[in-house]
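Peer 1: Below are the structure tokens for one structure; questions will follow.
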Amino acid sequence: MFFQKSIETMPRQKLEELQLERLKRLVKYCSDNIPYYNRRLCGAGVTADKIKTLDDIKYIPYTTKDDIRDTYPFGLFGQPLKKIVRIHASSGTTGKPTVVGYTQNDIDNWSDCMARLCLAAGAGEDDIVHIAFGYGLFTGALGLHYGLEKLGATVVPTSSGNTEKNIMLMQDFKATALVSTPSYAQYIGELAKEMGALENLSLRLGLFGSEGCTEEMRTQIEKTLSLFATDNYGMSELMGPGVSGECKFRRGMHINEDHFYAEVIDPASGEILPKGSAGELVITTLTKEGIPMLRYRTRDITRIDYDACECGRTFARMDKIKGRSDDMLKIRGVNVFPSQIESVLMAFDNIAPHYQLIITRKNYSDYLEVKVELADGSLLEQFSKLENLQQSIRDKLKTVLGIDTKVSLAEHKSLERFQGKAKRILDLRNS
Ligand code: DLL
């Protein structure tokens, strides 16, 4: 089965015509159905007629997470609840969750988008797919679930948690693909090794996503679990997973551009950046009915490549997420992305891929401590080796980040393991 090849390989000009037609329809839909958007569009003087080219999208004001919060729970929905067949939500760091709704058309489009990306990654009807994302309000599990079923794969919806049982089932059912966060895959690998189960696994493919993962970390997971892993991007506000994902060539994540119009802006000024620049990703959902998003500021930092891919798809590809503009750490005025630190750490053999970043403030100055776990217990006995290791990590971090850090080594298996998205940053500056 080959999905909608004609759409995914469309010449860009045709694709842009389709995007323009959908954008105009969306503006009208938002004005007609959602009073909040109606007021905002009127305020900016935007009607569907004003959108004559895709560049005219610049007249539409941005939408932010605050808009969704301010209209909690259903104020941005484009349809009455009787037309909404599913609700998901993502938990914020503070306050109420971000609530999103889907019509049946949305669910169908979501399944299509997801099926395409899974197929592009190499999944198919012969696969037995173990879904170890948490089922529930989180979009990850059900998003992949519907897409993979549509593809004809055999889906095993185990959810995250109870990792020993997950490993047992993966062995017994001969799962060929694993769906999870990279950090959970990492933990599954570690535990499977301890259980002596690695040789009994039949995995060949990992469909990962929902959090950042450096190339170094991915290589390590691939080696441990003997699989080929692709990265998948999305967010609840936009749909969930299914916005973009890597094909087998892994030269960036193909954006499902018939459903999502992407822009890259300067996060500080809000200016649209020239094509090919790195900046904050802004997405307009071209087809969503339940809760459409007009120029949604994702806060995720990336770059988009519009050249055609070796796989034949013409859909643009976005780089791995470099970080979030709002979880970018500012340490003594210097921008630091956790992914830069992870890349440095992964290059050292004697440390495990588990770390924590602790930021404190003393006398108006910020301090970054990088706490990293030793790869095995025996190293703790060898003080001189440890000191050398600590100093080498610190030197390398200074070269890459341009700031001094404190590096501390933690005992093997002492740092927390994660079943969903990893939480590695402890910012104590305001506490
Ligand atoms: O994480 C949706 C998803 C589920 C994507 C499963 C892929 C696979 P939220 O919980 O709303 O939705 O979180 C969205 O997670 O703004 C990014 O900061 C981050 N994120 C998602 N995918 C990636 C990725 C889902 N591949 C937020 N790389 C986004 C880096 C990612 N960060």
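Peer 1: Among (1) at pLDDT below 95; (2) within 15 Å of the ligand (Cβ to nearest atom); (3) not basic (Lys, Arg), there is one condition residue 298 misses while meeting the rest; what is its number?
Peer 2: (1)
Peer 1: Report yes if residue 313 is in a strand (DSSP E or B) and under 19 Å from residue 283 (Cβ atoms), otherwise no.
Peer 2: Values: in a strand (DSSP E or B): no; under 19 Å from residue 283 (Cβ atoms): yes.
Considered against the rule, which asks whether it is in a strand (DSSP E or B) and under 19 Å from residue 283 (Cβ atoms), residue 313 comes out as no.
Peer 1: For the stretch 346-365, enumerate the residues that are within 22 Å of residue 410 (Cβ to Cβ) and touching a residue at least 60 places away in the same chain (Cβ under 8 Å).
Peer 2: 346, 347, 352, 353, 354, 355, 356, 357, 358, 359, 360
Peer 1: Sticking with this one: Which one is surrounded by the most Cβ atoms within 10 Å (Cβ to Cβ), of the residues in the stretch 197-221 that are of a type in the set (Val, Ile, Thr) and touching a helix residue (DSSP H, G or I) at 6+ places or on another chain (Cβ under 6 Å)?
Peer 2: It comes out as 221.
Peer 1: Could you give me the residue pairs with C-beta distances under 8 Å whose first residue belongs to the stretch 132-144 and is assigned by TED's automatic domain parsing to the domain that holds residue 100, whose second residue is part of a helix (DSSP H, G or I) and within 9 Å of the ligand (Cβ to nearest atom) wherever it lies, and which are 6+ apart or on separate chains?
Peer 2: Close Cβ pairs satisfying both conditions: 133/140; 133/141; 133/144; 134/140; 134/141; 135/141.
Peer 1: Kindly list, by first and then second residue, each pair from a residue in the stretch 292-319 that is basic (Lys, Arg) to a residue that is at pLDDT below 95 and in a strand (DSSP E or B), limited to pairs with Cβ atoms under 9 Å and residues at least 6 apart or on different chains.
Peer 2: Note: pairs meeting the criteria are 299/324.
Peer 1: Go over the candidates 241, 274 one by one and state the one that is at pLDDT 95 or above and surrounded by fewer than 24 Cβ atoms within 10 Å (Cβ to Cβ).
Peer 2: 274
Peer 1: Which members of the stretch 360-373 meet the condition of being in contact with a Lys or Arg (Cβ under 6 Å, 6 or more places away or on another chain) and at pLDDT 95 or above?
Peer 2: Passing the criteria: only 369.
Peer 1: Pick out the one residue from 41, 15 that is in a helix (DSSP H, G or I), surrounded by 15 or more Cβ atoms within 10 Å (Cβ to Cβ) and touching a helix residue (DSSP H, G or I) at 6+ places or on another chain (Cβ under 6 Å).
Peer 2: On the way: 15 fails: touching a helix residue (DSSP H, G or I) at 6+ places or on another chain (Cβ under 6 Å).
Unique residue meeting the criteria: 41.
Peer 1: From 390, 382, which residue is among the polar types (S, T, N, Q), in contact with a Leu (Cβ under 7 Å, 6 or more places away or on another chain) and more than 25 Å from residue 211 (Cα to Cα)?
Peer 2: One residue alone meets the criteria, 390.
Peer 1: A further question follows. Any residue that is under 24 Å from residue 116 (Cβ atoms) and modelled with pLDDT under 95 - is there at least one of those in the stretch 14-21?
Peer 2: No, that holds for no residue.
Peer 1: From 142, 169, 148, which residue is out of contact with any helix residue (DSSP H, G or I) (no Cβ under 6 Å at 6 or more places or on another chain) and within 14 Å of the ligand (Cβ to nearest atom)?
Peer 2: Within the list 142, 169, 148, the selection yields 142.
Peer 1: Continuing with the same structure: Scan the stretch 413-431 residue by residue and report those that are under 23 Å from residue 180 (Cβ atoms) and among the charged types (D, E, K, R).
Peer 2: 413, 416, 417, 421, 423, 424
Peer 1: How many residues, within the stretch 186-196, are surrounded by 22 or more Cβ atoms within 10 Å (Cβ to Cβ) and modelled with pLDDT of 95 or more?
Peer 2: 3
The values are calculated or read from the model by the stated rules, or taken from the named source; none is laboratory data. What you see is a predicted model, and the numbers here were worked out from it, not measured in a lab. Every residue, glycine among them, receives a Cβ derived from its backbone with ideal geometry; neighbour counts consider all protein chains shown.
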